[in-house]
Amino acid sequence: MADSGIGASVKRKEDFRFLTGRGTYIDDINRPGQTCAYILRSPHAHADIVKIDVAKAKVAPGVITVLTGADYDKGGVPCGWQIHSKDGSPMIEPPHFPLCKDKVRHVGDQVALIVAETYALAKDAAELIDVTYKEQKPIVSTGDADKPGVAQVWAAAKNNTCYDWHIGDKAAADAAFGKAAHVTKIDLVNQRLIPNAMEPRAAIGDFDRATGDYTLYTTSQNPHVIRLLMGAFVLQIPESKLRVVAPDVGGGFGSKIFHYSEEALVTWAAGKIQRPIKWTAERSESFMTDAHGRDHVSHAELALDKDGKFLGLRVSTKANMGAYLSTFAPCVPTYLYATLLAGVYTTPAIYAEVKAVFTHTVPVDAYRGAGRPEATYLLERLVEKAARETGIDRVELRRKNFIPTNAFPYQTPVALQYDSGDYFSTLDMALKASDWAGIETRRAEAKKHGKLRGIGISTYLEACGIAPSAVVGSLGARAGLYETGSIRVHPTGSVTVFTGTHSHGQGHETTFAQLVSDGLGIPIESIEVSHGDTNKIPFGMGTYGSRSLAVGGSAIVKAMDKIVKKATRIAAHLMEASVADVEFKNGTFTVAGTDKSKTFGEVALTAYVPHNYPITELEPGLEETAFYDPLNFTYPGGCHICEVEIDPDTGVTKVVNFTAVDDVGRVINPMIVEGQVHGGVTQGIGQALLEACAYDKDSGQLLTGSYMDYTMPRADDLPNFKVATHATMCTHNPLGSKGVGEVGAIGSPPAVINAVLDALAPLGVQDISMPATPLKVWQAIQAGSGRMAAE
Amino acid sequence: MYDFGYHRPDTAADAASLLTKNGEAKVVAGGMTLIPTLKQRLAQPSDLVDLGGAADLKGIKIEGGGITIGAMTTHAEVARSGDVQKTILALAVLAGGIGDPQVRNRGTIGGSVANSDPGADYPAAVLGLGAKIRTNKREIAADNFFKGMFETALQDGEIITAIHFPKPEKAGYCKHPNPASRYAIVGVLVAKTASGVRVAVTGAGPCAFRSKELEVALGGSFSADAAKGAKIKSDGLNNDLHATAAYRAHLVSVMAARAVAAAG
Ligand SMILES: Cc1cc2nc3c(=O)[nH]c(=O)nc-3n(C[C@H](O)[C@H](O)[C@H](O)COP(=O)(O)OP(=O)(O)OC[C@H]3O[C@@H](n4cnc5c(N)ncnc54)[C@H](O)[C@@H]3O)c2cc1C
């Protein structure tokens, strides 16, 4: 199966329907008798709701119902993770009702649900709702949220603090700083980003009057999780009465993991009016209400000895949660961030404290990389600065502190145990591919044309393949993070694979089919991968944290092992041989030392037409399910190198070269892996140079509420990437795969900013914040030249 | 979008009479600005008069050595027109740098000029080249046309029919795009004409304006260095998320220098 098995760049099976416009997204689905919902949202960041008058709206043409917080009698949207503060107290967990009752807490907060025969009529009626607000001053700044005297988001959260958490050994870290020959300090902002999936969020709530069953069609990365959260906690619908379907989903990047209150609203209201209700976000609603990403403010210090060995690291971070706690929000700046602060280095003592704050902004949660890009950015900016300060070559400084390749498994001082890695090889490959050594020639050439050229590096590591249930349980997760896979062999030998993961661009329908094609020796055309419908797939946890292959793929492999085991027994019976003598290879069962053979298809047919069958020992049929709970996270890593050219007259930065060499463990489909890296790096370059979510400090209004002001990366912002992989195998899952979904977005931002700073260094510029827009670069040049002139 | 009546007249004259008959009517050209405004419910016209059927509003012709462009001519048509390229290359370059292919294939010169968006490119050409804006009622000199942000000399019911650009000796256009929208943060059109140097700036102020500093500097020497040397005051320039007034002032001379270089 070399042409379609593991390691083959098989063209994506799903692309035919995507590229020909035949995908089925939520807005393509229409249920008989369907109505449309519009959600009236708060125009204010912080206000008391004094009165809501819906009388006129209720009688407006086409209106079926208008519902407000006063009507809502079900539960709040729960948070999936609980963090405890330093003092042992649990985080502050404010209620989050789908419709606001007495206060609005961010622009876009939900005030009323209007259901009408058409969307336009619902929108017309919304204009007739009269809400009396008493406006209050908001707080939007992460850095200022816990300062005295600022607006308070929740009475229960003093100083807007959700939790004040820490990790590591403070005494050991302090001692390390006591011995340091040099200390490098840095202050950084990891700016807030808006995810911008191509398909806006959408949901259809459907209620079957005959059976009393509910169906929610939703743009989700994890339909079973939504069924659990919404069914059990919010609406109290038994899971047996609730089906959640997430068909084709047009991108998520994390933003479609979470249970959003619109999902609960349309399901709840569909039950009330006994008709289906569709809600589809407008693009401006996506900007305003999709959970945002990042938003950290940090101070960090690195202690080095006289030779440049890292002795200790201290980090203090404030992380913005927004106004409510989204599903995974509390774990992002803690267990997905601070545990990563060892990076690829042997730093023996690390202490990090993280304070999560509430603000009058939309909730912040996991966004491609979730915590790990923030950790990588902090470390790689800090290491780069240390190199400049100590005069040690930046590549040598990194190499000097790398975890040696023979030191795995490696226990870090911040909880994680890395199973495998080879940071020296990915570094060397990237240095070579990027022609690192030749930069001075290119710099001189650029200078002739009045341009400033610079090169930057990032050597990173991340933890994904999320996650061992017992471990995350002990860290506050309210769920297990195993995955399921089912393999249904049909009577004539074709196969349907059911996975609990969800594909929203990742290409699972191809990658997983390759696994099965390889394992069962059947053509890839005979394999269908099914996902995204709780009525079809066994309970599974979905797709995020680069877990689908490492965890979901492993479950499929385990299910496949069961299939092969049973099929071997059937084959042994058919060939009148002992099971031990039967060998299975390339889709054929043979008996050692004979010319007897049975194909996989013949065995499948026998399983379903069991005339000649060991019926007293074996059940008919050929269908197996496996649950796989990983033993550890997986640890992809590698080296990203970025080269930029800056026009000092305009401040415009052009990325001229980008090299990514990543260790993602075993690669199933190299083309898909490369595509994932391209997408991730593009988002990383977007964060470094282009994207930033801005709220007005005084009014709390979203200033970047459309593509007129929020800069998405476009093809002409990017060079042709040089992408390569170097695999060390994951040691604890059956595939050896680590994960590739997020590496691009994790490794790249510091490489870009380090390149910008390298280019600007001759002008005396030492710091620049993301995104390094033309304005900021120009301002840094002005300030830098001023400094140079004064010196 | 609120409900509205829809008309598609065959001539500019019919369009004008429809506008007079329906007080709250608006014309729609490419719809690139108007349709999003309607979708966001920021405008509520009683009627839309679609100029797309008025054949007399389309087309490009050479006239008196200069070039006349019908109001309904799209940016893409201007960009690829051989007549425009050989008469005033800078105008074709400007049109080809507007937005993206979809926008260039729908957006029109009339719509852009009538709208007077502070970041729009065409106003720099209209003003910099000393164009004449022809309407169903009169001809307006460029210097009297742009009045402020989204404000022009057009009266209610007045329709731009064509814009006439006289041929300059030399002209060049260069813009620094807004990274998100790609409208001009600063766009500068420089022209050397029989009656002297004209420099028009878009993006930097509430609407396109002529830069006296640059006209003086380039009047002395039509060179990139002269443009770069001109000190532009930041007073009154736009200040937003993407660019401060000081940055815009700086960019005005940088873009002017590049426009001069492009003018050859
Ligand atoms: C994504 C995007 C990017 C863009 N980027 C740029 C850019 O980089 N540079 C740039 O300059 N522009 C840009 N634009 C604007 C675009 O190029 C159009 O010029 C602009 O939208 C107006 O032209 P239109 O034909 O679409 O006019 P419409 O949207 O149809 O009308 C705009 C206004 O002008 C009025 N109007 C239209 N025609 C006439 C007429 N003949 N007489 C009197 N009034 C009239 C209408 O009533 C309306 O008020 C962009 C637009 C979009 C959507």
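The values are calculated or read from the model by the stated rules, or taken from the named source; none is laboratory data. Predicted model only: the values in this text are computed from it and were never measured. Every residue, glycine as well, gets a Cβ built from its backbone with ideal geometry; the counts of neighbours run over all protein chains shown. Heavy atoms of the whole protein, side chains included, go into the accessibility calculation; ligands, DNA and RNA do not. Shrake-Rupley method; radii C 1.70, N 1.55, O 1.52, S 1.80 Å.
Of the DSSP H helices in chain B, those with a Cα length along their own long axis of 20 Å or more and a mean Kyte-Doolittle hydropathy reaching 0.5 comprise B:245-263. Chain A and chain B together bury an accessible surface of about 1800 square angstrom, both sides counted, with a 1.4 Å probe and no ligands or nucleic acids included.
Can you give me the Kirkwood hydrodynamic radius for the range A:537-662, using every pair of distinct Cα atoms, in Å to one decimal? After inverting the mean inverse Cα-Cα distance, the result is 18.9 Å.
Taken about its Cα centre, chain A carries a charge dipole of roughly 640 debye when the Cβ of each Lys and Arg holds +1 and the Cβ of each Asp and Glu holds -1. Overall shape: oblate for the range B:5-49, with the ratio a/c of the largest to smallest alpha carbon gyration tensor axis at 1.5 or above and b/c at least equal to a/b. Helical runs assigned H by DSSP (4 residues or longer) give the protein assembly as shown a calculated mean residue ellipticity at 222 nm of -8000 deg cm²/dmol, each run adding -39500 (n - 2.57) before division by the residue total.
Its residues counted as N, chain B yields a C-alpha radius of gyration over 2.2 N^0.38 Å of 0.98.
Under 14 Å from the Cβ of residue A:481, count the other residues' Cβ atoms, weight Lys and Arg +1, Asp and Glu -1, and hand me the total. With Lys, Arg at +1 and Asp, Glu at -1, the neighbours total 0. Report the local net charge at residue A:136: Lys and Arg +1, Asp and Glu -1, summed over other residues whose C-beta lies under 14 Å from its C-beta. Result for the neighbourhood of residue A:136: -1.
Hey, which aspartates and glutamates would be in cross-link range of residue B:26, C-alpha to C-alpha under 14 Å, not counting anything within fewer than 8 residues on its own chain? Qualifying aspartates and glutamates at Cα under 14 Å: B:3, B:14, B:47, B:50, B:156, B:158. Pairs from the list A:432/A:654; A:185/A:722; A:134/A:697 with a Cα-Cα gap above 23 Å: A:185/A:722. Which links in A:13/A:585; A:11/A:278; A:585/A:738 stretch past 29 Å when you go from one Cα to the other? The pairs that break the limit, which is 29 Å between Cα atoms, are A:11/A:278. Based on Cα contacts under 8 Å between residues 6+ apart, chain B shows a relative contact order of 15 percent.
The residues neighbouring residue B:116, those whose beta-carbon lies less than 13 Å from its own, together hold a net charge of -2 under the Lys/Arg +1, Asp/Glu -1 convention.
A full extension of the chain between residue A:594 and residue A:390 corresponds to an added length of 66.3 nm, given 0.36 nm per residue minus the alpha carbon distance. Heavy-atom surface analysis with a 1.4 Å probe gives chain A a carbon and sulfur content of 54 percent of its accessible area. If you take the square roots of the eigenvalues of the alpha-carbon gyration tensor of chain A and sort them as a ≥ b ≥ c, do you get rounded (a/c under 1.5), prolate (a/b over b/c) or oblate? The shape class here is oblate.
For the segment A:118-128, counting C-beta atoms of other chains within 10 Å of every residue's C-beta and taking the mean gives 1. In a simple Cβ point-charge model (Lys, Arg +1; Asp, Glu -1; nothing else charged), the range B:60-263 has a dipole of about 360 debye relative to its Cα centre. Across the range A:624-776, C-alpha contacts under 8 Å between residues 6 or more apart give a mean separation that, scaled by the residue count, equals a relative contact order of 37 percent. Think of a 1.4 Å ball rolled over the protein heavy atoms: chain B then has 41 Å² of accessible area per residue. Size check on the range A:459-557: the Cα extents along the three principal axes, sorted descending, read 47, 37, 22 Å.
So which trypsin sites (Lys or Arg not before Pro) in the range B:205-264 pass both tests, a DSSP loop state and at most 14 other Cβ atoms within 10 Å of the Cβ? In loop regions of the range B:205-264 (DSSP not H, G, I, E or B), the sparsely surrounded trypsin sites (Lys or Arg not before Pro) are B:231, B:233.
Its relative contact order, with pairs defined as Cα atoms under 8 Å and 6+ residues apart, puts the range A:388-452 at 19 percent.
The distance separating the Cα centre of the range A:408-469 from that of the range A:292-365 comes to 20 Å. With semi-axes defined as the square roots of five times the eigenvalues of the C-alpha gyration tensor, the equivalent ellipsoid of the range A:246-336 measures 42, 13, 11 Å, largest first. Given +1 at the Cβ of Lys and Arg, -1 at the Cβ of Asp and Glu and no other charges, the dipole of the range B:5-49 around its Cα centre is 200 debye to the nearest 20.
Take the alpha carbon gyration tensor of the range A:154-297, find the square roots of its eigenvalues, order them as a ≥ b ≥ c, and report rounded if a/c is under 1.5; if not, report prolate when a/b exceeds b/c, else oblate. Because a/c hits 1.5 or more and a/b exceeds b/c, the range A:154-297 counts as prolate.
Between the listed residues A:505, A:128, A:438, the Cα displaced farthest toward the positive end of the dipole of chain A, a dipole computed from Cβ unit charges relative to the Cα centre, is found at A:128.
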